[in-house]
Structures are given as C-alpha cells and as structure tokens.
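Take a look at the structure set out below.
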Amino acid sequence: LELPEAWTSVLPSASTSVFLVAATLRPETMYGQTNCFVLPEGEYGLYQMSNGEVFVCSKRSAVNMAYQGLGDLRTNADGDDEPVCLLETMGRDLVGLPLKAPLAAFERVYALPMLTISMNKGTGIVTSVPAESPDDYACLKDWKTRENWRTQFSVKEEWCQPYDVVDIMDIPDSEFEGPSAPYIVEKMKIGSHKEKDKLASAKKEVYLKGFYSGVLKVGPYAGQKVSDIKPQIRQDLISSGDAAVYFEPESKVMARSGDECIVALCDQWYLKYGDEEWTNRVRAHVENDFEMFNEPALNNLSHAIGWLGDWACSRTFGLGTKLPWDEQWLIESLSDSTIYMAYYTIAHLLEGGGLTGGPGPGAVKPEQMTEEVFDYIFCVSSDPPASKTLDKDLLDKMRQEFKFWYPVDLRCSGKDLIQNHLTMSLFNHAAVWEDPAYWPRAFFCNGHVMIDSEKMSKSKGNFLTLEESIETYSADATRIVCADSGDTLQDANFSREIAGKTILRLTTLLDWAEDAVLKLPTMRTGEYTFLDKIFQNELSALVFRAHEAYSRMLYSDALRAAWFDMDTLRSQYAILTNGNVHADVIRRLLEVQMVIFSPIAPHFCEHVWQNVLKKDGLVVRARWPTPEGEPSPVLLRQYESLQATLRSFRLELDRLKSPKKEKKGKVAEPPPVLDRAVVFVSKGYKPYQQEILRLLQQIPLDEQNAPLDKDYMRSVRDLESVKALPQSKSKEVMGFASFMMREVQERGPEVLELQLPFDEAQMLQDLSEVIKRQLKIEAFEVADAAQEHPSGGDSKRDAASPGTPQILFLAKEPVAA
C-alpha cells in the first residue's frame, strides 16, 4: 500500500504493481491472514516479472519463476542467465511494510519478522494464518507479548496487537472447539516460535485434520469441506490475478555438476501412461496373469500403474535413443530401455554372439533392420517385409528365436524401480504387442544390500565389492550369505561374521561327506526299520520344501531346507539310530543334498558330487530328485510327534534332576536317581475337549495359522457346556483352548483332529529302546491313561491327550539289606 522511496526509484513506472509473494499449499486458509512474515537477515530482491509486475522474494525462488515463464532472464557479466533484479534488499528492511492481503478480513496487514524462515524453501515470504498454523500463531503471539523483542527488531505495537486470530473453519469430531493452532500450541505448552521440533509435531497434528475434515466458516464457500473447495479457491485466486502457479523441488536436489536443480517450464514430450484403456489392459494383466512373489511388491506395482499418469519421457542431453519424429530430443533411459530383452533373442544372429559386437552369420547391416523388419521378427506383423533386403530364411530364423524365448519369464530388479522402470516395461510391452502372451510374466524385486546391518559406505570402511567378497570368503560362502540375508523388499544384510562361519560349516560338511562315503560299505543294509522310513520320508519332504522355496524365490527358505534342515535331519538320524544308519539312506541323503543345494553353492556341491561321490557329469545338470510320491503325512506326523515327545520327556527329566533350592538352615536333598519311567498315552480326548476342538476347527486361519478372529476365545466362553462348569474347571477349559491354538500356529491345523492318524502307544512301544537310550533309563513302560496304574501318577494320566503323552519317572528302588 505504501512503497519505500528506494523502491519507487527503480520501478519501471509509478503504476507498477509490487507484490510480496508468499508460497502456500493451503489457499483455502487465506481468509485467516493477519500479517506476513519475513526473515530479518534474509536476502531479498525486487524481480521484474514478464507481465510487468514486480515480485519481492528470494533469488532462488525468482530463478524458479523465471524458468517457469513468470519472470524474465538476462545474461550477466559471467555469461550466465539470471532473473532481472531491480533492487536487492534485506528482510529487516521489509519489516513494517503495510500490505493488502487477498481474501483477508483486514484491510491492511503488516510484515513482521519470523526468525525460523528457511530461504531455501518457498519464496522467503510467509503468509500468516494463526488460526490454523501453529508456527504462525506462536510467532504472532511472540510479537504481541515480548516487548523486548519488539524493541530489538523495531516492531511497532500497532503492527501486531490489533490483529487477533480469525476463526475460519470447523473441524468436526475433533478435540478442537475453535481455531486449531491456538489450541494445540497451548496444549503442548509451546512458549516461542523458535521451538521448531515441538511446532513440527503440532503442525502434523492439525494440518491433516484441517484439510481432510475441516469445514470452511467464512467466504462464499462457507459450509463446504476444505478438501472439496480447495481447488476452486485456488482457481479463483489465479483468475483474479492475486495468485500464480509456482513449482519447486520438494526438497533440495543437487545435480552431478554441483548445481542446485530447479523446476523449469520446457517443451516436453510425454508418454500418456494415464490413458484409461492402456492402463486397464496393464492392470488386468497384473491382476490375472502376473507374479510379483510378495504382496508388498505387488501392492507397489498396482499403485504405480494408476499413479504414472503423463510421464515426461524426453531430454536434450545424455544417453538415450533419439525421438524418431523430433530428433533434438532423447528418450530418457527409464522410459527407453524397457523392451530391450526382445533384442537379446536375436542378438547372436546379428552380432555374432560376442560381447563387443561384430558381424553375425547373415552379415546384416544396421540400415537393413527397418521398422517393418522388426515388426515381422517380433511378431507385431505376420507379413514379411516387402523390401526383401534380408534373406527370408534368416528372417524366419530370427522370428523363430523370438517366439521360442519370449515372453520374459522373470525380470529381477531393485525395489526402487517398481514405481517407474518396471511399470513402464509393462506399459510399453502392452503398447508394442496387442497379445498379452508376449508381455512379461514375473518381476522379482529386492532391497539394497547392507554390510553388518549398516549401509555400505567407504567412509565407514564397510564397503565390500563382489570381487573382494569372493577373494575373502569364496564364491559359495558369498552366495550362501546372500541367500540367507533376506528375500523381501527389506534391505538384505550381508554379515561378514556369518560368511566366515559359513566356510567352517562347509568344511565340516565336506569332512562328514568324505567320512560317510568311506564307511558306506560297513553300514547296515537290507530292510528298512521304522526310523529308516520316517527319515526317508522327511528327506522327501525337504526336497518338496526346497523346490517350493526356489519356485517362490524364497532363497532363505530354500537354504534352510537344503542345508540347515538337511544337516539337522542327518544328525537326528544318527542320534536316534545310535549310529546304526542304513547305507541307502545316507547315500540318498548325500546325493539329494548336493542336487538341491547346488543352486546356492554350485562349486562346493560340484566338488562333492564328482570327487567324493564319484558321480558322472555335472551336479548342475543332474535331474531334480523328485520323490516317486508325495511324502506320507502319517510318517510326517509320527516324526513330529516323536521329536516333540522326546523333547518334553527330556525337559521333565531335567526338571526332576535339578537340585532343589536350599531352605534356610537345611541341607538340600540330592536329586533322586531316576531309572524307570511309565508313559501314559490317551487314545481320545475328554468329551469337553472334543467339543472345544470341533469349535476351534471352524475358526478361519491366516497364512501363519493364526486365527483371523482375535476374539475367538469369546466363542469358547459362550458354549453352554463351558458356562455350566464351575469356575475352576472353566479356567482349565479356557487354558486348553488357548494351548491348542498355540499348537495350531506352531504345528498346523491338523493338531485339532480328534484322533491321531497312527497308533501312538504302539509307536512309543516300538521305539522303547531309542527312548531308554535317549533318557538314560533302564526300564520303560507304555500305559493306557484311561486305566489306573500301580505306580500312581493320576495327575499325569489326567493331563495326557492324543499327541501329548505324559511321562512319570520313577526313582531307583533301594536294595534290601
């Protein structure tokens, strides 16, 4: 409203309009302006705009505006283009300027200092809406209440005191009864606008609620939701000449040249990835005939398909293909290199198969590879090219090669390329080939690689190249640690400690393999025992598990099945048989492990295959050892039951043998010598347990066998039979239900079956020698839990259930004198 004399002297004319331009993302809040803020130590300028107006702002924002067509550029003495600056001034010189703010309730507002403004964001001018901005409220309050600050920065009382908060919106169903900013500032006890961290939290608290739930109370759009009318208010301000569209990078972006990047308005070619028909075809392919291997990656891809919109695909420098119809432009690499895999199918016929190129078998020249030639080879057209510049047999050979290899079965890439490069690959395949049969079938995406749980950095000294890792740990140890480091979009962690231990573990496996092969002639042969059968069955299960993991690109699971679980199986087999292993089982275990382990550790497996097992050919060419049939589910349950039973027996024995704590003044009794045991086996559940199990069988489970209904216990409590029980028995019932659901998560829903698919008592009886050896006892008896036993153990009998036998250890009887 009133310009300083220093300004008027540099203006093109007395009628030139001058604006302090504030950048905002919230035009709907302009109704609540009480002042504007400037940084006292900030450097500002009066910049000439293309429409004759003058904008007061930072130089950085003026540069952005000039390249967006708002302002003029001129060449300075150094030959660089820069915005036209009529006058440079400091922020302190702007304090106290009387201003007219668009949409404000006040006819005149003033520029006040704000000590926290960043000159690297926005324009350096900040419009003040203390009703909805915690920063603005805190700052205005500072100038109203801090007389010493006003004196220091030459702020007059009339510039701030008359300007109270203007209530502009309601936020229904919130804690805010009036303007949100004053409420949150007082609630969080924010004492000054310099408390940046607290104000950032406060801003986060109110801004989203204001935008998504706020209802405007003033102006022509009063009564309407902020989220609905924001675009219209924005357009109204632009149409009235009170606002202009302005862009800048979301955060500071530095070019490789060291220059700070800006947003420029340029001529540009776009790929219209937002085309509805094109997008729908790609989306249908992803939803019905595509594999991403994990849900987060698929969700990211699905989002990117709808998000890409119109993509700026060209630039004037760098690597890239020239735009055919406008060769001054290059297609940027993310958009360009998306169907090059098609060229791979014929490259050996054009370039001779060498990495550096060269003439192929047909001595084809680049100019002979016309668009119609490529259309025929890549099955875009069924008609051979009319030019006949290439031999028909060579054309058909290339077409045959393409049809044999395409489509892309699997593309492996980084997670950061899902939202652009990989999504563009799908779109561009859909643009070139109408037939989805030629579109990619699967993408697998991984995260970045960390070293010892830290981001790789040369400054930290933890930078490791593949070559260095191979030289230090070997290729196979590197591959094993990579396989074990993670299969999802999370960043993988390469542990150097694990890499070192892996070498030792491989050496141990090699030593065992060499020793086992030497002892094969002395091992047991003939008919299989029960233990031989269940271990053969477990071996088959690991083959299926490894195959499933490899198919799902879950290499940590594949490694577990092919190495860790295989080693555990071998160890358990030797322990339970007391070393009396069957030669055929050991031979099969070795051969199977080398084949299913070879995708991860090919060099180690090749050495064992050829030099230890003396097998012909390469292990990587050996057939996958698919068993003749599916693993027996009964034998799997028996092995699982045996392992769980032995584990519970050992824990009970350890508990009984642990010395009792000494009581004050008394010597602790020595633990008893336990040499006998009775195992109580239940052939069926109690009636109330059967009712509980039938109910639990109906509860839906997720992929981890956890109940989808987290309040499933309410269904148990609501059973009439449970309600009728006394409180003490009711607790026991609820405990049983909770225990069985934990067992479901650990062992699968089959634990809820009312009867076991095998004779548990007979299995334990058949393995009595194994159990006695494991527990180091002399006598072992299997008893029916339904029958009383001379040794007592009524509580053990009552606790027994199918699959959960209970053991009663007995002390050694004293010898009569």
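The values are calculated or read from the model by the stated rules, or taken from the named source; none is laboratory data. The structure presented is a predicted model; accordingly, all values stated were derived computationally and were not measured. Glycine also receives a Cβ, built like all others from the backbone with ideal geometry; neighbour counts cover every protein chain displayed. We work out accessible area using only protein heavy atoms, side chains counted, and drop any ligands, DNA or RNA first. Shrake-Rupley method; radii C 1.70, N 1.55, O 1.52, S 1.80 Å.
Run the dipole for the chain about the Cα centre, Lys and Arg Cβ at +1, Asp and Glu Cβ at -1, nothing else charged, and hand back the magnitude in debye, nearest 20. Show your work: numbers first, answer last.
On the way: 89 positive and 120 negative charges, 650 e Å.
Using Cβ point charges on Lys, Arg, Asp and Glu, the chain gives about 3120 debye.
Order 568-574, 113-119, 256-262 from most to least packed using the mean count of other Cβ atoms within 10 Å.
Values: 568-574: 17.0, 113-119: 19.1, 256-262: 10.1.
Result, highest mean first: 113-119, 568-574, 256-262.
Between Asp80 and Ser251, what's the calculated FRET efficiency when r is the beta-carbon distance and R0 is 30 Å? Round to 0.05. Each step should come with its number before you reach the end.
Details: r = 24 Å, r/R0 = 0.81.
With R0 = 30 Å, the Cβ-Cβ based efficiency is 0.80.
How long are the three semi-axes of the equivalent ellipsoid of region 665-806, in whole Å, if each is the root of 5 times an eigenvalue of the C-alpha gyration tensor, listed from largest down?
Working: eigenvalues 210, 77, 50 Å².
One finds semi-axes of 32, 20, 16 Å for region 665-806.
From the alpha carbon gyration tensor of region 192-247, can you work out the equivalent ellipsoid semi-axes (sqrt of 5 times each eigenvalue) and give them in Å, largest to smallest?
The three semi-axes for region 192-247 are 26, 17, 10 Å.
Can you tell me the alpha carbon radius of gyration of region 739-802 divided by the globular rule-of-thumb value 2.2 N^0.38 Å? Each step should come with its number before you reach the end.
Details: Rg = 14.2 Å, N = 64, 2.2 N^0.38 = 10.7 Å.
Here the Cα radius of gyration is 1.33 times the empirical estimate.
Rounded to whole Hz and in sequence order, give me ³J(HN,Hα) for region 242-252 from the Karplus expression 6.51 cos²θ - 1.76 cosθ + 1.60, θ = phi - 60°, writing x for Gly and Pro.
Computed from phi, the couplings for region 242-252 are 8, 8, 9, 6, 9, 10, 7, x, 4, 9, 5 Hz.
Please list the non-local residues whose amide H lies under 5 Å from the amide H of Met169, H modeled 1.01 Å from N, same-chain partners needing a gap of 5 or more.
Answer set, sorted by chain and number: Lys217.
Can you list residues whose amide H is under 5 Å from Phe444's amide H, if they're 5+ apart or on another chain and H is modeled 1.01 Å from N?
Arg411, Cys412, Ser413
For region 782-793, in order, what is each residue's ³J(HN,Hα) by Karplus, 6.51 cos²θ - 1.76 cosθ + 1.60 with θ = phi - 60°, in whole Hz (x at glycine and Pro)?
For region 782-793, the Karplus-derived couplings read 9, 10, 7, 5, 7, 10, 5, 10, x, 7, x, x Hz, x marking Gly and Pro.
Suppose the chain between Asp326 and Ser118 were pulled fully straight at 0.36 nm per residue; how much longer would it get relative to their current alpha carbon spacing? Provide the component values of the computation, followed by the final result.
Numbers: separation 208, 0.36 × 208 = 74.88 nm, distance 4.12 nm.
That works out to 70.8 nm of additional length.
Calculate the spin-label point distance for Lys772 paired with Thr508, positioning each point 7 Å from the Cα along the beta-carbon direction, and give it in nanometres.
According to this spin-label approximation, the distance is 3.2 nm.
Taking the Cα centre as origin and putting +1 on Lys and Arg beta-carbons and -1 on Asp and Glu beta-carbons, what dipole magnitude results for region 419-547, to the nearest 20 debye? Don't jump to the answer; show the numbers that get you there.
Working: 12 positive and 18 negative charges, 34 e Å.
Result for region 419-547 is approximately 160 debye, rounded to the nearest 20.
Run the accessible area of region 655-772 with a 1.4 Å probe and give the carbon-and-sulfur part as a rounded percent. The partial results should precede the final answer.
Values: 3820 of 7530 Å².
Ligands and nucleic acids excluded, carbon and sulfur reach 51 percent.
If you count only protein heavy atoms with a 1.4 Å probe, what accessible area per residue comes out for the chain, rounded to a whole Å²? Before the final figure, lay out the partial values.
Working: 44410 Å² over 817 residues.
With the other protein chains kept in place, the chain gives 54 Å² per residue.
Based on the Cβ-Cβ distance of Leu265 and Lys403, what FRET efficiency does E = 1/(1 + (r/R0)^6) give at R0 = 51 Å, to the nearest 0.05? Mind showing how you got there, number by number?
Details: r = 46 Å, r/R0 = 0.90.
E between Leu265 and Lys403, to the nearest 0.05, is 0.65.
Along Cα→Cβ, 7 Å out, is where each label goes; now give me the distance between the ones at Arg552 and Tyr688 in nm to one decimal.
3.9
Using 17 Å as the cut-off for backbone N distance, which residues of region 106-128 belong to the label zone defined by a point 7 Å from the Cα of Glu2 along Cα→Cβ?
Zone members listed by number: 107-112.
So what does the Cα-only Debye profile of region 157-221 read at q = 0.24 Å⁻¹, as log10 I(q)/I(0), no solvent term?
Relative scattering, expressed as log10 I(q)/I(0), comes to -1.09.
Could you run the Karplus curve 6.51 cos²θ - 1.76 cosθ + 1.60 with θ = phi - 60° over region 114-127 and give me ³J(HN,Hα) per residue in whole Hz, x for Gly and Pro?
9, 7, 10, 5, 9, 7, 9, 9, x, 10, x, 9, 10, 6
Tell me what the chain gives for mean residue ellipticity at 222 nm when only DSSP H runs of n ≥ 4 count, each as -39,500 (n - 2.57), the sum divided by the residue total, rounded to 500 deg cm²/dmol. Could the numbers behind the result be given before it?
On the way: 30 runs with 332 residues, N = 817.
Value at 222 nm, helices only, nearest 500: -12500 deg cm²/dmol.
Just order 2-9, 371-378 by mean Cβ neighbour count inside 10 Å, highest at the front, would you?
On the way: 2-9: 11.6, 371-378: 18.8.
Top to bottom by mean Cβ count within 10 Å: 371-378, 2-9.
Between Lys710 and Glu746, what is the FRET efficiency for a Förster distance of 25 Å, r being their Cβ-Cβ separation, to the nearest 0.05?
It comes out at approximately 0.90.
P(r) for region 106-190: what percent of alpha-carbon pairs falls in each 10 Å bin, starting at zero?
Distribution as computed: 16, 45, 33, 6, 0 percent.
Considering only the other residues whose Cβ falls under 12 Å of the Cβ of Asp336, what net charge follows from Lys and Arg at +1 and Asp and Glu at -1?
Working: positive: Arg315, Lys322; negative: Glu332.
Net charge in that neighbourhood comes out at +1.
Tell me the label only: which of (1) 24; (2) 56; (3) 34 is percent of Cα pairs over 45 Å apart as calculated from this structure?
The listed entry that was calculated here is (2).
Would you mind telling me the share, in percent, of accessible area of region 403-461 contributed by carbon and sulfur at probe 1.4 angstrom?
Details: 1610 of 2920 Å².
Carbon plus sulfur share of accessible area: 55 percent.
Hand me the GluC sites (Glu not before Pro) from region 91-182 located in a DSSP loop with no more than 15 other Cβ atoms within 10 Å, in residue order please. Before the final figure, lay out each step's value.
On the way: sites: Glu107, Glu132, Glu147, Glu157, Glu158, Glu175, Glu177; in loops: Glu107, Glu132, Glu175, Glu177.
Answer in residue order: Glu107, Glu175, Glu177.
For the chain, what does the relative contact order come out to in percent, with C-alpha contacts under 8 Å and a separation of six or more?
On the way: 1168 pairs, mean separation 55.9, N = 817.
Relative contact order for the chain comes out at 7 percent.
State the extension gain, in nm to one decimal, for the chain segment bounded by Val673 and Ser721, taking 0.36 nm per residue of separation less the distance between their alpha-carbons. If you can, show how the numbers build up before the last one.
Working: separation 48, 0.36 × 48 = 17.28 nm, distance 4.40 nm.
Here the answer is 12.9 nm.
Around Asp491, which amide H atoms from residues at least 5 apart in sequence, or from another chain, sit under 5 Å from its own amide H, with H modelled in the peptide plane?
His448
Simple spin-label model, 7 Å along Cα-to-Cβ: Gln787 to Glu276 in nm?
For the pair Gln787/Glu276, the computed spacing is 7.9 nm.
How big is region 493-551 by Rg and Dmax over its Cα atoms, in Å?
Values for region 493-551 (Cα only, Rg and Dmax): 16.4, 47 Å.
Would you mind counting up the charge near Ala244? Only other residues with Cβ under 14 Å from its Cβ, with Lys and Arg at +1 and Asp and Glu at -1.
Working: positive: Arg234; negative: Glu53, Asp236, Asp242, Glu248.
In short, -3.
Take region 74-153, compute every pairwise Cα distance, and split them into 10 Å bins from 0; I just need the percent in each bin.
P(r) for region 74-153, in whole percents per bin: 14, 40, 29, 12, 6.
Return the carbon/sulfur percentage of the accessible area of region 349-398, one whole number, probe 1.4 Å, all protein chains in place.
On the way: 1650 of 3090 Å².
For region 349-398, the apolar C and S fraction of the accessible surface comes to 54 percent.
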